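A.B. asks: Pasting in a structure now, in structure tokens, and then I'll have a few things to ask.
Every read-out reported here was derived from the displayed coordinates using simple, explicitly stated rules and does not represent laboratory data. Just so you know, these numbers come straight off a predicted model, no measurement behind them. Note that each Cβ is placed from the backbone with ideal geometry, even for glycine, and that neighbours are counted across all protein chains shown.
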Amino acid sequence: MNVRFREIDPFNCWLWLRFTEILSQGERNYVDGVFDSWYVIGRLGGFNSENLQVHEEGAGLSWINYNNEEAESVMPALMHNMGQLEYRQEWGRCWIDLGTSDGMSIDVLINTLRQLDTDVVRIEELIVGGVNEDWPVENHPDSIFPTSG
């Protein structure tokens, strides 16, 4: 799976997936489930790299001293909203408002889609941001910062 980034507006971002072939309904359900799960974790603040205490400990996780006060003091990192995945031929796209979640959210999605590509559905390409010329976008109805034009 090739990953490319284009211009990104975190509050109005399109994610584009190009599959090897047109997906069956079962394959679409699987992809939809990945995005729905990813969004729920983001909506609940799971993608916050300011609080990675366990990760920063490294390999030795037994008996680590987790600092609850430190965890409570970091600024929340919440995804704001996500649209439904749309499919057209071998393409899929999804609108997302990343809110205050950080880049770790995109890393987690990329890692998940790489495994999905290996195990379930062949994904040729993930494009983060921008617009495809042959599939125009309008302001998403859930966008709190719509673009003008």
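A.B. asks: Need one number: nm distance between label points at Val108 and Ala71, each 7 Å from Cα along Cα→Cβ, rounded to one decimal.
C.D. replies: 1.4 nm
A.B. asks: Taking 0.36 nm per residue of sequence separation and subtracting the Cα-Cα distance, how much length would be gained by fully extending the chain between Val40 and Val137, in nm to one decimal?
C.D. replies: 32.5 nm
A.B. asks: So for Glu124, Glu21, fewest C-beta neighbours within 10 Å to most, what's the order?
C.D. replies: Fewest-to-most Cβ neighbours within 10 Å comes out as Glu21, Glu124.
A.B. asks: How large is ³J(HN,Hα), in whole Hz, for each residue of the range 98-114 in order, when computed from phi with the Karplus curve 6.51 cos²θ - 1.76 cosθ + 1.60 and θ = phi - 60°, using x for Gly and Pro?
C.D. replies: Couplings: 6, x, 9, 5, 9, x, 4, 4, 5, 4, 5, 5, 4, 4, 5, 5, 4 Hz.
A.B. asks: Enter the per residue convex hull volume of the range 2-149, computed from alpha-carbon coordinates, in Å³ rounded to the nearest integer.
C.D. replies: Taking only Cα atoms, the range 2-149 has a hull volume of 131 Å³ per residue.
A.B. asks: Using the count of nearby Cβ atoms within 10 Å as a rough guide to exposure, how do His55, His80 rank from fewest to most?
C.D. replies: His55, His80
A.B. asks: What chymotrypsin sites (Phe, Trp or Tyr not before Pro) does the range 52-95 have in DSSP loop regions with at most 12 other beta carbons within 10 Å?
C.D. replies: Filter output for the range 52-95: Trp63, Tyr66.
A.B. asks: Along the charge dipole of the chain, pointing to its positive end and built from +1/-1 on Cβ of Lys, Arg, Asp and Glu, which listed residue (Trp14, Trp38, Asn67) has its Cα farthest out?
C.D. replies: Going by the Cα projections, it comes out as Trp14.
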